[in-house]
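The values are calculated or read from the model by the stated rules, or taken from the named source; none is laboratory data. Values in this document were obtained by computation on a predicted structure and should not be read as measured data. Because the Cβ atoms are built from the backbone with ideal geometry, glycine has one as well, and the counts that use them run over all protein chains shown.
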Amino acid sequence: MSDVAAAAGVSLVTVSRAVNSPDQVAPATLAAVRAAVAQLGYLPNLTAGSLASSRSRIIGCLVPTISNPVFAETIESLASTMGDAGYQLLLAQTHYRAEDEARLVDSFLGRRVDAIVLTGMSHAAGLRSRLQRSGLPIVETWDLGDQPIDLMVGFSNHEAGRAAGEHLLDRGYRHLAFIGADSDRSLQRLEGLRAAARARGAADVPAELILPPAQIEDSGPRLAALLARRPEIDAVFCNNDTLAAGLLFECRRRGWDVPGRIAVMGFGDLPIARAGFPRMSTVQVRGSCIGARAGQLLLARLAGQQQADTVVNIGFEVVQREST
Amino acid sequence: MADVARVAGVARVTVSRVLSNPQSVAPATRAAVQDAIAKLGYVPNLNAGTLASSRSRIVGCIVPTLSNAWFAETIDGLSEVLAAAGYQLLLGQSGYGPAAEERLVDTFLGRRVDAIVLTGSERSEAVRARLAAAGIPVVETWDLGLEPLDMAVGFSNYAVGEAAAEHLLARGCRHLGYIGADEQRADKRLAGFTATLARQDLEPACVLAGRPPTSFNSGAQALGELLERQPHLDGVFCSNDTLAAAVLFECRRRGLQVPQQIAVVGFSDQPLAAATVPSLTSVQVRSHELGGEAGRMLLRRLGSASTGKALGGEHRIADMGFRIVARESA
């Protein structure tokens, strides 16, 4: 910075002011400083600024894995909402492990992020109080509950599972099954599915649970395992569209008619749901909407506004296509 | 920190010493300070350490978009390696635009990141100059240009196009088509594809499926256009697996047999490629390992910077190569 001051023929404090609050500097002086900045390729140290103003303009964001396209959508929309307001995203992956989440949150706190975005609402013991004590805006995403740490943007995974079950039962299927990840939100969807089956007096619902992340190639073997237990299965609800797409391909490989021999339902409404053959019925959840809403809530909170609604339910929608 | 010192009944400098060099403090004092830290929920400010040590332990990473699965995989691989070494990832998306990349690079440099990971090998003179002046390690990924800014990890996109053409020619295809995203690295694959066909006096029909990220929809439409231009079409190379899967689905809709009537080759070998029916022949580029290798190159450089050792030239460029995974579609 002193090089810039020397080149522009002004004092250090003038350079600082030209960088931080250009309105307070006379136009001619501002132009001289800017010319010197351009000439020397000087970049203001935003880290130093963050110590003085105690604002880092960095948002810490934790997702289980960005290889899952639904989380990629959420991050993309969160990043662009925050980016437009001059914030950057520090990104880390928990790989579905609560203890990793806790460790990463601590390092975010240590880096003095301005806010933290988490995935889900079940956390390691002690994390909740640590985050509340930090006083930072916190958004939990992809789930819905009445006791947010601070803010929450998502939908009820239990209700979404129940809606999928009701759709399948309405279409006349009686022997439902589930393929999904052995993780918190997936299990909530399974519980919702089971609740729907119980309420209608349908057969109890067998489940195949996969250690996350569940991959497209998992569906075939899991279908075989389900059929070995229950040959009468006539509909499968998958925890995500990727698994459901794998299941549709497996049925094609077996020469099975979908939905004649078996109905397949996905979750998420990723592009593949509309592109495949037959087109997939699914539960639409807009991951990009979660990211954008989370960003808007954070920006309002960071601007000092108090929100009336700290829990935002973005909902979901059952989309019927050809596979059910 | 002052609160911690007060509760523990020690000087601030003692608290600081417990945090940065606990062995130098008597065990009883150390225990008192650690109790006070736990009781107050004190979190040390890593940024303050940054200014003193001039290390932020943050790596900036710019990708075109996260909605393309292969960049997500690269970041996954990169973040695993960096996280294990105590580094964190500041993420930026350029939307395939050089101006957005330039802005992000400036922001990252302003935040004093320790290193930067970029996508691709083509960039403006302004960005090259700024990064060179910053003097921090830079890794360019997903392509190998003639002159990397600093370090590069990737493969030759041109050679990928050549290999795809050779694979289709070896199957006996003569009426070839190309469907690709309108983007630099895809263009290089097309150039290699076209040059190889030209050596057999063949010329592919080409349809660009728009700016990336491309969709299943645009792939289906592009196949329609390709068939209008080349009614005898017997082989298609697609610049990504999403487009190639869309071509498979559209062939099924049109009652065209794959590979008997039309052979299809994708690119990047996503999990989807092995799952489709028929399964998709694709060019495997190991996006996850590519990110991991970029991370290891940075760590070697960041480690050697502190010991004053320069990195040998042979470690500056990592050609990860590629291979054609032949499945049912070609």
Looking only at region B:40-55, decide whether some residue is closer than 23 Å to B:T141 by Cα and either more than 7 Å from chain A (Cβ to nearest Cβ) or modelled with pLDDT under 90 (or both). no
With respect to B:A220, is the statement that it is within 26 Å of the chain's Cα centre (by Cα), under 29 Å from A:E217 (Cβ atoms) and part of a helix (DSSP H, G or I) true? no
Out of all the residues in region A:69-77, is one or more surrounded by 21 or more Cβ atoms within 10 Å (Cβ to Cβ), at pLDDT below 95 and part of a loop (DSSP other than H, G, I, E, B)? no
Out of B:V265, B:V207, report the one residue that is touching a residue at least 40 places away in the same chain (Cβ under 8 Å) and of a type in the set (V, I, T). B:V265
Check region B:282-290 and report whether any residue there is small (G, A, S), modelled with pLDDT of 95 or more and closer than 21 Å to A:A245 by Cα. yes
Please go through region A:166-182 and pick out each residue that is assigned to a helix (DSSP H, G or I) and acidic (D, E). A:E166, A:D170
Any hit, region B:185-208, residues being small (G, A, S), within 28 Å of B:S67 (Cα to Cα), within 14 Å of another protein chain (Cβ to nearest Cβ) and buried (at least 17 other Cβ atoms within 10 Å of the Cβ): no
If A:A32 passes every condition in (1) at pLDDT 80 or above; (2) within 11 Å of chain B (Cβ to nearest Cβ); (3) in a helix (DSSP H, G or I); (4) surrounded by 17 or more Cβ atoms within 10 Å (Cβ to Cβ) but one, which one does it miss? (2)
For B:G120, state whether it is in contact (Cβ under 8 Å) with a residue 24 or more places away in the chain and within 14 Å of chain A (Cβ to nearest Cβ). no
Residue among A:S67, A:S77 that alone is within 17 Å of A:G287 (Cα to Cα), at the interface with chain B (Cβ under 7 Å from one of its Cβ atoms) and polar (S, T, N, Q): A:S67
Looking only at region A:185-215, which residues are within 14 Å of another protein chain (Cβ to nearest Cβ) and either over 27 Å from A:E140 (Cα atoms) or at pLDDT 95 or above (or both)? A:I210
Taking region B:149-184 and keeping residues surrounded by 22 or more Cβ atoms within 10 Å (Cβ to Cβ), in contact with a strand residue (DSSP E or B) (Cβ under 8 Å, 6 or more places away or on another chain) and in a helix (DSSP H, G or I) leaves B:V160, B:G161, B:A164, B:A165, B:L168
Counting only residues that are in a helix (DSSP H, G or I) and more than 20 Å from A:Q88 (Cα to Cα), which one in region B:81-129 is modelled with the highest pLDDT? B:V81
